[in-house]
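To keep things clear, I will list the structure first and then write my remarks on it.
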Amino acid sequence: DHHWEEKYKLRPEMLPSFVSKDLASKILLIGKSINFMRKCCRQGQYTGEVPAEVKGVGALEYGQWEELEEVVRTSAGVRNKALVSALFKRYHLHQHCLAIKRYLLFGQGDFVR
């Protein structure tokens, strides 16, 4: 919880005027996902090809707000896909959830006669 809720927060008074609160929230979420992958999943590098839209972020110029939003949207998709993939494939989240379901909800019917 500490890494997700307390370590990084959005401070609206520090936002540049051209960055909307919604866009800033998306950027913060991307950063939190990257930090989670590095700290908790011990995955410093992401596998897979980085989309051209994300690679082209250095070519953005002042006033290209739609392009900036597209880069953020694309980057969020890449990072979220990597995070979900790690949780489900590497850490077997689905199997853990099923085990918890069976335990808490008595999904096996072991206690019913």
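Can you pull the one-decimal nm distance between simple spin-label points at GLU61 and SER25, each 7 Å off the Cα toward Cβ?
So the two model labels end up 3.2 nm from each other.
Measure off 7 Å from each Cα along the Cα-to-Cβ vector at PHE18 and LEU105, then give the distance between these two points in nanometres to one decimal.
4.9
For the residue pair TYR91 and CYS41, what label-to-label distance in nm results when each label sits 7 Å from Cα along the Cα-to-beta-carbon direction?
0.8
Using the structure shown, select from LYS39/LYS101; LYS32/LYS89; LYS39/LYS81 the pairs with a Cα to Cα distance greater than 24 angstrom.
LYS39/LYS101
If I ignore ligands, DNA and RNA and count only protein heavy atoms, how much of ARG73 is accessible to a 1.4 Å probe, in Å² to the nearest 10?
Solvent-accessible area, nearest 10 Å²: 120 Å².
The values are calculated or read from the model by the stated rules, or taken from the named source; none is laboratory data. Quantities reported herein were computed from a predicted structural model and do not represent experimental measurements. Cβ coordinates were reconstructed from backbone atoms using ideal geometry, including for glycine residues, and neighbour counts include every protein chain displayed. Heavy atoms of the whole protein, side chains included, go into the accessibility calculation; ligands, DNA and RNA do not. Shrake-Rupley method; radii C 1.70, N 1.55, O 1.52, S 1.80 Å.
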